[in-house]
1. So is residue 18 out of contact with any helix residue (DSSP H, G or I) (no Cβ under 9 Å at 6 or more places or on another chain) and surrounded by 11 or more Cβ atoms within 10 Å (Cβ to Cβ) or not?
2. Keeping to segment 33-77, report how many residues are in contact with a strand residue (DSSP E or B) (Cβ under 9 Å, 6 or more places away or on another chain), under 27 Å from residue 14 (Cα atoms), among the small types (Gly, Ala, Ser) and surrounded by fewer than 16 Cβ atoms within 10 Å (Cβ to Cβ).
3. Would you point out which residue out of 23, 63, 67 is touching a residue at least 60 places away in the same chain (Cβ under 8 Å), at negative phi and part of a helix (DSSP H, G or I)?
4. How many of the residues in segment 17-69 are within 25 Å of residue 93 (Cβ to Cβ) and in contact with a Ser or Thr (Cβ under 8 Å, 6 or more places away or on another chain)?
5. Please state which one of 28, 88 is modelled with pLDDT of 95 or more, among the polar types (S, T, N, Q) and surrounded by fewer than 11 Cβ atoms within 10 Å (Cβ to Cβ).
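The values are calculated or read from the model by the stated rules, or taken from the named source; none is laboratory data. Keep in mind it's a predicted model, so treat the numbers as computed, not measured. All Cβ positions, even for glycine, are placed from backbone atoms using ideal geometry, and neighbour counts span all protein chains on display.
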Amino acid sequence: MSIVLIIDAKLTQESVSKAVDFYAKIVSDTRSFEGCEAIEICIDSEDAGNLVVVEKWASEDLYKKHYQWREETGVLDHIRALLDGPVSRQILNVAA
């Protein structure tokens, strides 16, 4: 079953451009990862420090495989260093 993942994160004001640049470098690897159907990196139009990532995956297992790979390669540590607070993450089953 396909899933949609929504990540909502607050960035420090100093890290907004760094985060956008970093995601621009790594997003193609995610798009080509097995099971990734779509990914969009978004910045709130009213709050530039609010980053929202919307991903669609063929299955939750394939998403978890990708997450583990990003953890192992240090990408998630790099992203965490840019954050200003906790991250909200929702995994939604595609119903229709």
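1. Numbers: out of contact with any helix residue (DSSP H, G or I) (no Cβ under 9 Å at 6 or more places or on another chain): yes; surrounded by 11 or more Cβ atoms within 10 Å (Cβ to Cβ): yes.
For residue 18, the condition - out of contact with any helix residue (DSSP H, G or I) (no Cβ under 9 Å at 6 or more places or on another chain) and surrounded by 11 or more Cβ atoms within 10 Å (Cβ to Cβ) - is met.
2. 1
3. Numbers: 23 fails: touching a residue at least 60 places away in the same chain (Cβ under 8 Å); 67 fails: touching a residue at least 60 places away in the same chain (Cβ under 8 Å).
Sole residue among the options that is touching a residue at least 60 places away in the same chain (Cβ under 8 Å), at negative phi and part of a helix (DSSP H, G or I): 63.
4. Of the residues in segment 17-69, 10 are within 25 Å of residue 93 (Cβ to Cβ) and in contact with a Ser or Thr (Cβ under 8 Å, 6 or more places away or on another chain).
5. Details: 88 fails: surrounded by fewer than 11 Cβ atoms within 10 Å (Cβ to Cβ).
Every option except 28 fails the conditions.
Conditions tested, residue by residue: (1) in contact with a helix residue (DSSP H, G or I) (Cβ under 7 Å, 6 or more places away or on another chain); (2) β-branched (Val, Ile, Thr); (3) under 17 Å from residue 21 (Cα atoms).
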position	(1), (2), (3)
40	no, no, yes
45	no, no, no
50	no, no, yes
53	no, yes, yes
58	no, no, no
63	no, no, no
67	no, no, no
73	no, yes, no
77	no, no, yes
